[in-house]
1. Within region B:99-120, is there a residue that is without any contact (Cβ under 8 Å) to a residue 24 or more places away in the chain and touching a strand residue (DSSP E or B) at 6+ places or on another chain (Cβ under 8 Å)?
2. Can you find a residue that is more than 14 Å from every other protein chain (Cβ to nearest Cβ), touching a strand residue (DSSP E or B) at 6+ places or on another chain (Cβ under 6 Å) and among the aliphatic types (A, V, I, L, M) anywhere in region A:123-141?
3. Report, by residue number, each residue of region A:174-197 that is surrounded by fewer than 16 Cβ atoms within 10 Å (Cβ to Cβ) and either farther than 24 Å from A:GLY112 by Cβ or touching a strand residue (DSSP E or B) at 6+ places or on another chain (Cβ under 6 Å) (or both).
4. Take A:GLU26 and tell me if it is within 23 Å of A:HIS202 (Cα to Cα), more than 14 Å from chain B (Cβ to nearest Cβ) and of a type in the set (Asp, Glu).
5. What is the one condition in (1) of a type in the set (A, V, I, L, M, F, W, C); (2) without any contact (Cβ under 8 Å) to a residue 60 or more places away in the chain; (3) within 14 Å of another protein chain (Cβ to nearest Cβ) that A:TRP150 does not satisfy?
6. Restricting to strands (runs of 3 or more DSSP E) lying wholly in region A:3-96: which have 2 or more residues that are surrounded by fewer than 21 Cβ atoms within 10 Å (Cβ to Cβ) and modelled with pLDDT of 95 or more?
Number of protein chains: 2
Amino acid sequence: MKIGIIGATGRTGSALVQEAQARGHEVTAIVRNRTKAEQQFSAATTILAKDVFALTWDDLKDLDVVINAFASRGDGYQHLDLAAKLVTMARNQPQPRLFFILGAASLKQADGTTLLASILKAAANEPWVDTPLQQAHEYEYLQWIHNVNWTAISPQRDFVPGPKTSYHLGKDQVMFNSEGQSTVTTGNLASAVLDEIEHPTHPRERFTVVDN
Amino acid sequence: MKIGIIGATGRTGSALVQEAQARGHEVTAIVRNRTKAEQQFSAATTILAKDVFALTWDDLKDLDVVINAFASRGDGYQHLDLAAKLVTMARNQPQPRLFFILGAASLKQADGTTLLASILKAAANEPWVDTPLQQAHEYEYLQWIHNVNWTAISPQRDFVPGPKTSYHLGKDQVMFNSEGQSTVTTGNLASAVLDEIEHPTHPRERFTVVDN
């Protein structure tokens, strides 16, 4: 498939590029910095160097899937704005499917409260809190969208650089590996995303993934 | 002030144009149909004929206020998309102030439930329900926005064409006139909007207005 990856040179994005290409897909890396992308990716990678907020429908309409692995640089609201921009362009269109990499904050803990609630309790006045807050809003927003083919994934509390090993899926819960840690590697998350792209089972849903 | 009015030829928009011009403001009518606007408005009115989803920052940045009185033609989601488009453009900008004309569905009834809840109970499967539903989402969305100078107003359950008479304001409640009706005229709503524009008292808040 033709897969566009927004934020392709980032931590999550580069794991997604690697996994998609290992599975034989045609990757378009949507990036801020062409030189960085050219150094990082093989010649088989199409590079679209453009500010995400300048993306047009013509840039995206021939792709089968657009994965949004955008990382804001401290301006958390950009997560919400970019989701709204992509959704607005994709209304009532058969493709591309939109795949959102969310944060973990909207996952639920054993007591039924969200991770976000714990974060807000512990660090309400820290500026960085705005990013998990806005990404939780992004998930609320997505749940209102019924005429776009979207799927979203949340990592776990610890989302760490690391290879593809083995993993299992969940829906809305904080989950734990065999050692009791809520953790997932970038490689495992990327593989779970590509599994879902190749065999869709979560239309207009968010799911999550944890290391085994 | 320089006031842009999206949907200026519509029922709400035309009342807003009339009230703004009566108070001496410079109006830019943002409309789909130039001919209709030229027939409807005085020569003092600047007309910007453009699809709302094609509006750019250059179109809006010199205005003091943009009033969004957009009426979708059955596609309720466009209310949410247009709000997100305007907010995204206005992030961290000192002007224009954004003024949203919402529906009444997000107002609360005496028992604490929203009008929307009653509408969904009575008519969940009617296609028209999507518009009040999406306008309620639009208000939820606006409450997440902290770096844009926005204000919103809801009419009452009955929002009827009619002149400016007299009115009073509320915050989040369904309210009633002296005859026990939850009703407001377009003229009274327009006057309440212009009062707020001239003397801002509801920054990043929604308020409501009812006939006396």
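The values are calculated or read from the model by the stated rules, or taken from the named source; none is laboratory data. These figures come from a predicted structure and were not determined experimentally. All Cβ positions, glycine included, derive from the backbone under ideal geometry; neighbour counts span all protein chains shown.
1. yes
2. No, that holds for no residue.
3. If the condition is that a residue be surrounded by fewer than 16 Cβ atoms within 10 Å (Cβ to Cβ) and either farther than 24 Å from A:GLY112 by Cβ or touching a strand residue (DSSP E or B) at 6+ places or on another chain (Cβ under 6 Å) (or both), then A:SER178, A:GLU179 are the ones that fit.
4. The answer is yes for A:GLU26.
5. (2)
6. Result: A:46-49.
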